[in-house]
Amino acid sequence: MRWKKRVIIPVICFLFIVIVCIWYVNDYYHTDENIQEYLQTKDSVLVTEMPDGLYLDGPGNETALIFYPGAKVEYTAYLPLLSNLADRGIDCFLIKMPCNLAIFGQNKAKKIMDSYEYDHWYLSGHSLGGAMAASYASGHLESLNGLVLLAAYPTKSLKSDSFSVLSLYGSEDGVLNMEKVEEGKAYMPVDYAEVCIEGGNHAQFGNYGEQKGDHAADISWEEQQAQTVEAILNMMEAHKNQKQEEVMMTYEKISPQEAKKRMDKETDVVILDVRTQEEYDSGHIKNAVCLPNEDILNEPDILPDKGQQILVYCRSGNRSKQAAQKLADMGYENVLEFGGILDWPYLELVE
């Protein structure tokens, strides 16, 4: 009988844990019924389903925001907010998290950023989704322009001279731990702004009804989300203006044809491929060296001669510009950027 107890009791415990887990992940806040209209493509915003969620493609083409939903909230609940943002020129990626918990998918931003080309990337999230977005951002500050926290706070450093953070919450929020918000300020960069939406609460950043522990809002969800969109746009515009004032073009832009001439004539030239290793392995310009854009600042001695001629390229021309500026800022004096391999006309030089 003892051996039966030793077998049966663990099995019962295991089954109990499985049942509790299944119940927990299926007990979540569902999107309001009126959300269906936002799944339809509008004149200005094209909604496309992708493996990790939804892509909202609006009239803008330079800036994108990746959004992590709150814990146990159906991801489509944030469609109205992001649809309005996309309509104002910020393309949005609404991420569908495993079991509706961003803790299981905090690295999903990398896949999106590797698959799409934008000049400016921002990350955002609501509640636990915001915390996970902050956690990812802390390790990828050089790849992002900023972070938007909706009723959330960071637990890791976000300090960087080129990084912006906007924190938004409602005055009637009954869920957010304001003590943690205060503690989180120690991790913020110099370019940090905090906005309290008067009359707003925790749940109205999304459209999923009332949330347990939250207080009643004194304004409509339309008003709360409209103020949120305006605050985000103001933050992005301010960051853009600041960078335009700070950045001086200290590298030279050349054509692929000019780059080939230099490759043919010059002996002391470095061809730098700043795509990922996987992209490099799939095909690269002959004699090119792979150094991903994200790793440049972590390799201070990548090239010993700072006067050496460096020809930089990527896939489409976005990362090559970022990499060329980084190299120039590091003191390299002869950096030339010639765009992406997609526009490289010399196929015989690709291996």
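The single residue among Q325, Q309 that is more than 24 Å from E348 (Cα to Cα) and surrounded by 15 or more Cβ atoms within 10 Å (Cβ to Cβ) turns out to be Q325. Restricting S160, S171, S167 to residues that are touching an Asp or Glu at 6+ places or on another chain (Cβ under 6 Å), within 30 Å of E62 (Cβ to Cβ) and outside the structural domain of N293 (by TED's automatic domain parsing) narrows the list to S167.
Being part of a strand (DSSP E or B) and in contact (Cβ under 8 Å) with a residue 60 or more places away in the chain is the filter here, so list the residues in region 125-153 that pass it.
First pass over region 125-153, keeping only residues part of a strand (DSSP E or B): 125-126, 146-150.
Answer for region 125-153, where residues must be part of a strand (DSSP E or B) and in contact (Cβ under 8 Å) with a residue 60 or more places away in the chain: H126, G146, V148, L150.
Only residues that are touching a residue at least 60 places away in the same chain (Cβ under 8 Å) and touching a strand residue (DSSP E or B) at 6+ places or on another chain (Cβ under 7 Å) were counted in region 169-225, giving 6.
Consider E299 carefully, then state whether it is under 24 Å from the mean Cα position of the chain (by Cα), outside the structural domain of S143 (by TED's automatic domain parsing), within 29 Å of S160 (Cβ to Cβ) and modelled with pLDDT under 90.
Details: under 24 Å from the mean Cα position of the chain (by Cα): yes; outside the structural domain of S143 (by TED's automatic domain parsing): yes; within 29 Å of S160 (Cβ to Cβ): yes; modelled with pLDDT under 90: yes.
Criteria met by E299.
The helices (runs of 4 or more DSSP H) falling completely within region 238-340 that include 3 or more residues that are out of contact with any His (no Cβ under 6 Å at 6 or more places or on another chain) and under 23 Å from Y116 (Cβ atoms) map to 277-281, 318-329.
Return the residues of region 86-114 that are among the acidic types (D, E) and surrounded by fewer than 19 Cβ atoms within 10 Å (Cβ to Cβ); say none if nothing qualifies. Write out each step before concluding.
Here is the first cut: in region 86-114, the ones among the acidic types (D, E) are 87, 91, 114.
Selection gives D87, D114.
Report yes if A186 is within 17 Å of H120 (Cβ to Cβ) and assigned by TED's automatic domain parsing to the domain that holds S135, otherwise no. In short, no.
L85 falls short on exactly one of the conditions (1) farther than 24 Å from N234 by Cβ; (2) in a helix (DSSP H, G or I); (3) touching a helix residue (DSSP H, G or I) at 6+ places or on another chain (Cβ under 6 Å), and that condition is (1).
Specify the residue that is surrounded by the fewest Cβ atoms within 10 Å (Cβ to Cβ); the eligible residues are those in region 46-64 that are out of contact with any strand residue (DSSP E or B) (no Cβ under 7 Å at 6 or more places or on another chain) and closer than 24 Å to N107 by Cβ. Write out each step before concluding.
Start the filter on region 46-64 by keeping residues that are out of contact with any strand residue (DSSP E or B) (no Cβ under 7 Å at 6 or more places or on another chain), which leaves 49-51, 59, 61.
When the remaining residues are screened for being closer than 24 Å to N107 by Cβ, the result is 49-51.
Details: E49: 10, M50: 14, P51: 6.
This residue is P51.
The values are calculated or read from the model by the stated rules, or taken from the named source; none is laboratory data. Just so we're clear, the structure is a prediction, and the values are computed from it rather than from any experiment. Every residue, glycine among them, receives a Cβ derived from its backbone with ideal geometry; neighbour counts consider all protein chains shown.
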